[in-house]
1. Hull surface divided by four, with the convex hull built on the Cα atoms of the stretch 7-50: how many nm²?
2. ARG66 to LEU47: extension gain in nm, 0.36 nm per residue of separation minus the Cα-Cα distance?
3. Dividing the Cα convex hull volume of the stretch 20-116 by residue count, how many Å³ per residue is that?
4. Compute the separation of the alpha-carbon centres of the stretch 55-116 and the stretch 1-31 and state it in Å as a whole number.
5. Let me check I've understood the local charge: for THR99, count other residues with C-beta under 10 angstrom from its C-beta, Lys and Arg +1, Asp and Glu -1. What total comes out?
6. For the chain, what relative contact order do you get, as a whole percent, if you take Cα pairs closer than 8 Å and at least 6 residues apart?
7. So with the 1.4 Å probe, I'd like the accessible area per residue for the chain, rounded to whole Å².
8. Round to a whole number: what % of the accessible area of the chain belongs to carbon and sulfur, probe 1.4 Å?
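The values are calculated or read from the model by the stated rules, or taken from the named source; none is laboratory data. Bear in mind the structure is a predicted one, so any value in this text is a computation, not a measurement. Methodologically, a virtual Cβ is constructed for each residue, glycine included, from the backbone with ideal geometry; neighbour enumeration extends over all protein chains shown. When the accessible area is computed, the model is the full protein with side chains, heavy atoms only, and any ligands, DNA or RNA have been set aside. Shrake-Rupley method; radii C 1.70, N 1.55, O 1.52, S 1.80 Å.
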Amino acid sequence: QVQLVESGGGLVQPGGSLRLSCAASGIRFRITKMGWYRQAPGKQRELVAGITVGGSTNYADSVKGRFTISRDNAKNTVYLQMNSLEPEDTAVYYCNFQTYNLLSYWGQGTQVTVSS
């Protein structure tokens, strides 16, 4: 049984920081990419940041310079360090793991709220 367990969300003031973690277990096939997506109320889910097992990264323009994605391949864990958070970053954040044969697995989502 595949499980993706997210942690690290919460309420933070503007300018603050949070670190999200997502640990995967039970994935039988070789993982090639990991990523973080977010979905704000009334909006579509969007890619925030992605990383390959080789370490190549990509970011949404809105988070470049503020967010950093990293991974621990041995632990099947992906992280998202979020600094200088803004109210516009408020959303449910989902992790995603993709395999070489194009299977895609999602975390349950963790709420991030940026508010004073």
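1. Numbers: hull surface 18.2 nm².
That works out to 4.6 nm².
2. Value of the extension gain: 5.4 nm.
3. Taking the convex hull of the Cα positions in the stretch 20-116, it is 99 Å³ per residue.
4. Using only Cα atoms, the two centres lie 8 Å from each other.
5. On the way: positive: ARG28, ARG30, LYS33; negative: none.
Surrounding charge for THR99 is +3.
6. Dividing the mean separation by the residue count of the chain yields 36 percent.
7. On the way: 6270 Å² over 116 residues.
Result: 54 Å² of accessible area for each residue.
8. It is 47 percent, rounded to a whole number.
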